[in-house]
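Note sheet for the following structure.
The values are calculated or read from the model by the stated rules, or taken from the named source; none is laboratory data. Only a predicted model underlies this, so the values are computations on that prediction, with no experimental measurement involved. Cβ placement follows ideal geometry from the backbone for every residue including glycine, while neighbour counts extend to all protein chains displayed. Please note that ligands, DNA and RNA were not included when accessible areas were found on the heavy atoms of the full protein model with its side chains. Shrake-Rupley method; radii C 1.70, N 1.55, O 1.52, S 1.80 Å.
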Amino acid sequence: MTCIIIDDEPLAIDLLESYVSKIENLELIGSFVNPLDALKLLRDRPVDILFLDIQMPEITGVDFKKIISPEVKVIFTTAYSEYALESYDLNAVDYLLKPITFQRFLQAVEKVQNKNSKTETTKDEDYVFVKTEYRHQKLFFSDILYLKGLSDYVAIQTKSGKVLTLQNMKEFEQDLPNNKFIRVHKSYIINLEHIEFIERNRIVMHGEYIPIGATYKDAFWKKINNK
C-alpha cells in the first residue's frame with residue numbers, strides 16, 4: 001500500500017515517517033507541510049492511505065478531506081480530541097490522537113488493510129462497463145490491452161479495436177483489478193497479461209511502445225518482480 005503524510009509540524013512528520021518505515025508493505029510516496037502541495041500529487045496518482053493533520057494554517061484537514069477523492073482512505077492525526085466525532089462523520093478510517101504510539105498507528109493501518117481485503121474478495125467480476133456515446137459497453141478484462149489518457153477522454157485499446165470514453169484515468173485506476181492492471185505513466189494504464197517484452201523503460205504490447213514514467217517506475221518493477 002502507498003501513503004502520504006500531511007502535517008504542518010516537521011517533528012510530527014518525522015515520527016510518522018519512522019513508523020511507516022517499520023511496516024513492510026507500506027510505501028511512503030511523499031510528506032507535505034503544505035496540504036496544497038499534496039493536491040498536485042493526488043491528482044496525478046492514486047494513494048491508499050492519507051495521514052492527515054486536522055489543525056493546519058492554510059486549510060484544515062477536515063476541509064481538505066472534503067475536496068479529495070472519497071476513494072482515498074484518510075487517517076486523521078491531531079492533538080485535539082474534540083475533532084473525533086467530525087472525523088468519523090467524514091467517513092475517516094481512523095483518528096489518531098497525538099502523541100501517537102506505534103501500536104496505535106499500526107492498528108489504524110490494519111483497519112485499511114482489512115477494508116481493502118474485503119473489497120478484493122467481493123469484487124470478482126471479470127469485466128467492466130464503460131460509458132461510450134449513448135451506451136454502456138461491456139469490456140472483459142482479458143480483452144483490454146491498455147488505456148491511454150488524452151486531453152478530454154480515455155482511449156481503451158482492446159483486441160478488437162478502440163473504445164473512447166469521457167471517463168477519466170483515475171476512475172479506471174480505481175475500478176480495474178490491481179492484480180491485472182497497473183498505471184505505468186500519467187497517460188497509460190496497461191494490462192500485465194499482454195506485455196510482450198520491456199526495453200529501455202518502454203513496454204511493448206502488440207507492436208505498441210508504451211513509456212514507463214519516472215513516477216510509476218518503482219511500483220511497476222516491484223509489481224513485475226513479485227509476479
Please give the number of the condition Trp221 fails out of (1) over 21 Å from Ser151 (Cβ atoms); (2) in a strand (DSSP E or B). (2)
Out of Ile100, Ile29, I need the residue that is more than 17 Å from the chain's Cα centre (by Cα), of a type outside the set (Ser, Thr, Tyr), at pLDDT 90 or above and open to solvent by less than 60 Å² (accessible area, probe 1.4 Å). Which one? Ile100
Taking segment 141-156 as the search range and keeping residues that are aromatic (Phe, Trp, Tyr) and surrounded by fewer than 19 Cβ atoms within 10 Å (Cβ to Cβ), which one is modelled with the lowest pLDDT? Tyr153
Here are some residues: Leu41, Leu36. Which one is over 18 Å from Phe102 (Cβ atoms), outside any loop (DSSP other than H, G, I, E, B) and without any contact (Cβ under 8 Å) to a residue 24 or more places away in the chain? Leu36
Flagged in segment 63-94 as crowded, with 19+ Cβ neighbours inside 10 Å and at pLDDT 75 or above, in numbering order, are Phe64, Lys65, Lys73, Val74, Ile75, Phe76, Thr77, Thr78, Ala92, Val93, Asp94
Would you call Met205 surrounded by 15 or more Cβ atoms within 10 Å (Cβ to Cβ) and in contact with a helix residue (DSSP H, G or I) (Cβ under 8 Å, 6 or more places away or on another chain)? yes
Take the residues in segment 185-197 that are in contact with a Phe, Trp or Tyr (Cβ under 9 Å, 6 or more places away or on another chain) and within 14 Å of Lys223 (Cα to Cα), then tell me which one is most open to solvent (accessible area, probe 1.4 Å). Glu193
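Here is a yes/no grid of residues against (1) of a type outside the set (Gly, Ala, Ser); (2) under 17 Å from Asp94 (Cβ atoms):
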residue	(1), (2)
Gly30	no, no
Ala38	no, no
Leu42	yes, no
Ile54	yes, yes
Ile59	yes, no
Lys66	yes, no
Residue that is surrounded by the fewest Cβ atoms within 10 Å (Cβ to Cβ), among those in segment 161-184 that are part of a loop (DSSP other than H, G, I, E, B) and of a type outside the set (A, V, I, L, M, F, W, C): Gly161
Would you say Glu199 is over 19 Å from Val47 (Cα atoms) and in contact with a helix residue (DSSP H, G or I) (Cβ under 8 Å, 6 or more places away or on another chain)? no
Is it true that some residue in segment 52-60 is without any contact (Cβ under 8 Å) to a residue 60 or more places away in the chain, open to solvent by 30 Å² or more (accessible area, probe 1.4 Å) and within 26 Å of Ala219 (Cβ to Cβ)? no
